[in-house]
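Readers should treat all values here as calculations from the given coordinates under stated rules, not as data from a laboratory. Predicted, not measured: the structure shown is a model, and the values here were computed from it. Neighbour counts run over all protein chains shown; Cβ positions are idealised from the backbone, glycine included.
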Amino acid sequence: MTLFSDTRYLFVRYLKKLVRNPILLFFSLFQPIIFLLLFTQLFSKFSSLPGFLQATGASTYLEFATAGILLQNAFGSALQSGTSIVLDLDTGYLQKMLVTPVSRYAILLGRLTSDAFRVVVQSAIILALAYALGATVTTGVAGILLMLFIVAFFGLAWSGISLAIGLKTRSSETVFAIGGFLTFPLLFMSTALTPKLLMPDWISDVSNFNPISYTVDAVRALMITGYDWATVLKAFGVIGLIAAVTLGATLYQFRKVVS
Amino acid sequence: MSDIITVNNLVMVYSDGTKAVDDISFNVKEGEFFGFLGPNGAGKSTTIKILTTLLRKTSGSAIVAGHDLDKEPKEIRKLIGVQSQDTAVDGDLTGRENLILQGHFQQLPSAELKQRTKELLKLVELEDAADKRARNYSGGMKKRLDLATALVHRPRLLFLDEPTTGLDPQSRAAIWAYLEKLNKDEGTTIFLTTQYMEEADRLCRQLSIIDYGKIVASGSPVELKRQVGADSIKLSLENCAKDKRSAKEILSRVEGVSRVLDSEECLTVYAKNAGLVIADIVRAFDSRGIRLSSVSFSSPTLDDIFLQHTGRRIRGEDLVKSPSALLVGRRR
């Protein structure tokens, strides 16, 4: 079984590619920082609105929004995942791998695990910065690890969409366009940055069906209120469902390419 | 010697209806240096993609390196090396890292891989650039690195899809030298495609000429030339359009002429003994008032073989001629 070792080699390859492109590295590390600072400043007065703190349990808007920023970052990162496979298709590197005995699934897993690793690093930076700015995590280190796990799993599920689109269209532009198109509506129509109490009714209704809301609620619970297992399990259920669909689509498209 | 590739009635029809490979059969002996010669779009790359397990054929059967293409593609992948037309090296990795990663794909043990990487970097003369990112390599260096990655696991059978297309004459000569060495010293069987007559003539011991998905001629370069059986005489007329018809009629009556074909110059005539026949042609044309602007003759080349079998000159010919033409230009 070479799946494990091949995945590791490809994981390392993708990380090297990331680290050796200073501009890409800069943006993937600083983008989350910018978002955290920008959004928490922009909406900081939310916390002085009547009822905000009681409804959310947060002591500041920063504490409320950190979970949302974590998810927003994971979502944005994941949706770029497909561009790498398009590049490998265009340069012929994918074909070059396919004429070797390398495990087919390792090609996808290497990519997915390196994406997840990237999201974990970015998330750790966001959490560290939020901590420096005064936010705390009630559930401590164990809770932080669980939060990172949820965020990485969430990212993995959405990487699937991007990879499937990349494999289907073989165009980086399309991957970026669809990614960009999805990010903001899904993000703003969820409880990522705005509590339900401040939403118009229809957006509040939409957010009830938004998978981002479920994930954000779980991460936020771990940060502010404690181990709310019902919420956490619900989040895993929703992400699992999305992952099944998106990774299924990726696998289907990938099989078409490799056969 | 036994066959390392056996192909029977191979057909490839793409989903848009294009018949890229049209019922071809051939075999390649172990240790052979075999060439597929043909213009762009003849079906060469499609055939390589099928034989290297990248593309699923429409019908037919093939045995590659002792394994059935349909049943044991995984076994085949362990035994073959492939260099595709697009130079696929990872620009973010160094030359050495590219080789090592490829070795991992081929499941080489680390110690052996380290040694093999050193050897290959030496072979393709990339030792000095080994730890620089491949992104910064020149086109020739990238091709050489790509070739080296295809060799990392010492494949018994090496597929090369137009290995020197787009290279300058020096880089091309270097690649030719490695390939000859590899075939001679290590006994690696090489299956090469090319659109360059010169390349096929220089390297290949067995050739198949392919055009519009069909094999139109096969044999060693010498045999193929012998089949043409005659020297070629290229005739340019001062007024080709007007005199062509009567010129052909005259030529059909000249003794020793075996065949007359239209060509770029105007007419190409095949004849047993060009030196004697030319005098007769010139006299006959003169008496009928047809004015020649130039006459040249040569012993048959692969280009003549292609022309004779397909009625056309090889389409990629301009590409071959331009580099040497440029060199001449510089010398002046």
Report task. Kindly write out, for the stretch B:115-130 in residue order, the coupling ³J(HN,Hα) from the Karplus curve 6.51 cos²θ - 1.76 cosθ + 1.60 (θ = phi - 60°), rounded to whole Hz, with x marking Gly and Pro. Result -> 4, 4, 4, 4, 4, 5, 4, 5, 4, 9, 6, 10, 4, 5, 9, 4
Query raised in the report: If you find the alpha carbon centre of the stretch A:150-208 and of the stretch B:227-258, how far apart are they in angstrom?
Result: 73
Query raised in the report: How far is helix A:3-19 tilted off the main Cα axis of chain A, in degrees rounded to 10, range 0 to 90?
Result: 70
Report task. Under a 10 Å cutoff between Cα atoms, tell me which one of B:Leu267, B:Leu69, B:Leu158 has the largest fluctuation in the Gaussian network model of chain B. Result -> B:Leu267
Report summary line: Asserting the computed 222 nm helical MRE of chain B (DSSP H runs at least 4 long, -39500 (n - 2.57) per run, divided by residue count, to nearest 500) equals -12500 deg cm²/dmol
**Report entry** Integer Hz, Karplus 6.51/-1.76/1.60 couplings in order for the stretch A:24-35, x for Gly and Pro
**Finding:** 4, 4, 4, 5, 6, 8, 8, 4, x, 5, 4, 4
**Report entry** For chain B, Cys with no neighbouring Cys Cβ under 4.7 Å
**Finding:** B:Cys204
Query raised in the report: Taking the Cα centre of the stretch A:127-235 as the origin, how large is its charge dipole in debye, to the nearest 20, when only Lys and Arg (+1) and Asp and Glu (-1) carry charge on their Cβ atoms?
Result: 220
Query raised in the report: By counting other Cβ atoms within 10 Å of each Cβ, how are B:Phe191, B:Phe285 ranked from fewest to most?
Result: B:Phe285, B:Phe191
Report summary line: Checked against a 25 Å limit on the C-alpha separation, the offending pairs among B:Lys49/B:Lys132; A:Lys16/B:Lys132; A:Lys17/B:Lys78 are B:Lys49/B:Lys132; A:Lys17/B:Lys78
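For chain A, what does the helix formula give at 222 nm: sum of -39500 (n - 2.57) over DSSP H segments with n ≥ 4, over the residue count, nearest 500 deg cm²/dmol?
Helices in chain A give a 222 nm mean residue ellipticity of -27000 deg cm²/dmol.
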Query raised in the report: Which whole-number percent gives the relative contact order of chain B, counting Cα pairs below 8 Å spaced six or more residues apart?
Result: 19
Requested in this report: Counting only DSSP beta bridges with both residues in chain B, tell me the antiparallel percent, nearest 5.
Outcome: 65
Report summary line: Surrounding charge for A:Ile107, neighbours by C-beta under 13 angstrom, Lys/Arg +1, Asp/Glu -1, total +4
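Taking the number of other C-beta atoms within 10 Å as the exposure measure, put A:Tyr214, B:Tyr178 in order starting with the fewest.
By the 10 Å Cβ count, ascending, the order reads B:Tyr178, A:Tyr214.
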Requested in this report: For the stretch B:13-32 and the stretch B:111-125, write down the distance between their C-alpha centroids in whole Å.
Outcome: 34
Report task. Would you grab the residues whose amide H sits under 5 Å from the one on B:Gly81? Only those 5+ places off in sequence or on another chain, please, with H modelled 1.01 Å from N. Result -> B:Leu157, B:Leu158, B:Phe159
Query raised in the report: How large is ³J(HN,Hα), in whole Hz, for each residue of the stretch B:9-16 in order, when computed from phi with the Karplus curve 6.51 cos²θ - 1.76 cosθ + 1.60 and θ = phi - 60°, using x for Gly and Pro?
Result: 6, 6, 10, 10, 10, 6, 4, 8
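Net charge near A:Lys16: determine it from the other residues with C-beta under 15 Å of the C-beta of A:Lys16, scoring Lys and Arg +1 and Asp and Glu -1.
+4
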Report task. Please list the non-local residues whose amide H lies under 5 Å from the amide H of B:Leu207, H modeled 1.01 Å from N, same-chain partners needing a gap of 5 or more. Result -> B:Gly35, B:Gly219, B:Ser220
